[in-house]
Amino acid sequence: MKNASSTKKIISAAVTIVVIILIIAVAGFIGYKSCVQSAPVNEYRVEATEESGTEGSKDITASGSEKSKKAKNPIDFKSLQKKNSEAFGWIYIPGTNVDYPILQSESDDNFYLHRDLNKDYKYAGSIYMQYCNSSEMTDRVSVLYGHNMMDGSMFASLHRFESQDFFDKHRWFYIYLPKQKLTYEIVSAYEFDSRHIMNSYNFAENKIFKDYLETIQNPRALVSNVREKLHHKLTIKDKIVTLSTCLDSGDGRYLLQGVLVKDESTR
């Protein structure tokens, strides 16, 4: 009898293990499906973006804006915003897979963490901004979030800036608004802790913002790259965009910091 009881326990334990393995496999498959379906949304492009990585290095006024002529806007914002009125901009980073609309929910701060342009659930989510920031990109510091996806989509390819060679060769990124093209010079890219930047710093205070500018130029991180020569010395008059994604380890954030160097009206 004891042997029969022991056999039943062994069989029961084995069945339990098999069930657990099947659950893990199914979950992994679902995660994989989420990854492979997170392709860029390029149907709203009027034309391909032509930035070569050197544009933005000339014709920059002392104020950081140049409005003598209107640049081409490659994004069909009319169709984009007809699809989703909360899509207020588009970000493009040469040399990476980052070529996406930027969204900001009017009701739920993290709605697009796991929602796509159609507002349907998708693990990969969207590139998004929380409503503590202005969608007009006029804040001293604006933070954009994106997942570090296994297939390299969303903000995963920001990690390419961990390479010194890649960082040196890729100096700019671009944000398009319906009537503007904003050019940002990449200041630095580095590992950071998990604190919420907009909740941790009161950027309305000049000293705090000045200290933040010092931090992004001299990050205390084992993994970091910093631009040695910027177009101008950063001051409290500058506008910074912080791109934030997860570390591969999941413990902390990887940040890419850019400073606005050109603001152009578009046609």
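The values are calculated or read from the model by the stated rules, or taken from the named source; none is laboratory data. Since the model is a prediction, treat every value here as computed from it, not as a measurement. Every residue, glycine as well, gets a Cβ built from its backbone with ideal geometry; the counts of neighbours run over all protein chains shown.
If I ask for residues that are buried (at least 18 other Cβ atoms within 10 Å of the Cβ) and either among the hydrophobic types (A, V, I, L, M, F, W, C) or within 22 Å of residue 233 (Cα to Cα) (or both), which ones from segment 182-202 would you list? Those that are buried (at least 18 other Cβ atoms within 10 Å of the Cβ) and either among the hydrophobic types (A, V, I, L, M, F, W, C) or within 22 Å of residue 233 (Cα to Cα) (or both): 182, 183, 184, 185, 186, 187, 188, 189, 190, 192. Just one of the listed residues (184, 190) is at pLDDT 95 or above, over 17 Å from residue 102 (Cβ atoms) and within 20 Å of the chain's Cα centre (by Cα), and it is 190.
Residue 241 falls short on exactly one of the conditions (1) modelled with pLDDT of 95 or more; (2) more than 30 Å from residue 77 (Cβ to Cβ), and that condition is (2). Of the strands (runs of 3 or more DSSP E) lying entirely inside segment 162-261, the ones with 1 or more residues being touching a helix residue (DSSP H, G or I) at 6+ places or on another chain (Cβ under 6 Å) are found at 180-192, 224-226, 240-246. Look at (1) in contact with a His (Cβ under 6 Å, 6 or more places away or on another chain); (2) outside any loop (DSSP other than H, G, I, E, B) and you find that residue 91 fails only one, number (1).
Among the candidates 224, 163, 244, 265, the residue that is hydroxyl-bearing (Ser, Thr, Tyr), surrounded by 15 or more Cβ atoms within 10 Å (Cβ to Cβ), closer than 26 Å to residue 90 by Cβ and over 15 Å from the mean Cα position of the chain (by Cα) is uniquely 265. For segment 250-267, a residue qualifies if it is touching a residue at least 12 places away in the same chain (Cβ under 8 Å) and out of contact with any strand residue (DSSP E or B) (no Cβ under 8 Å at 6 or more places or on another chain), and exactly one does: 251.
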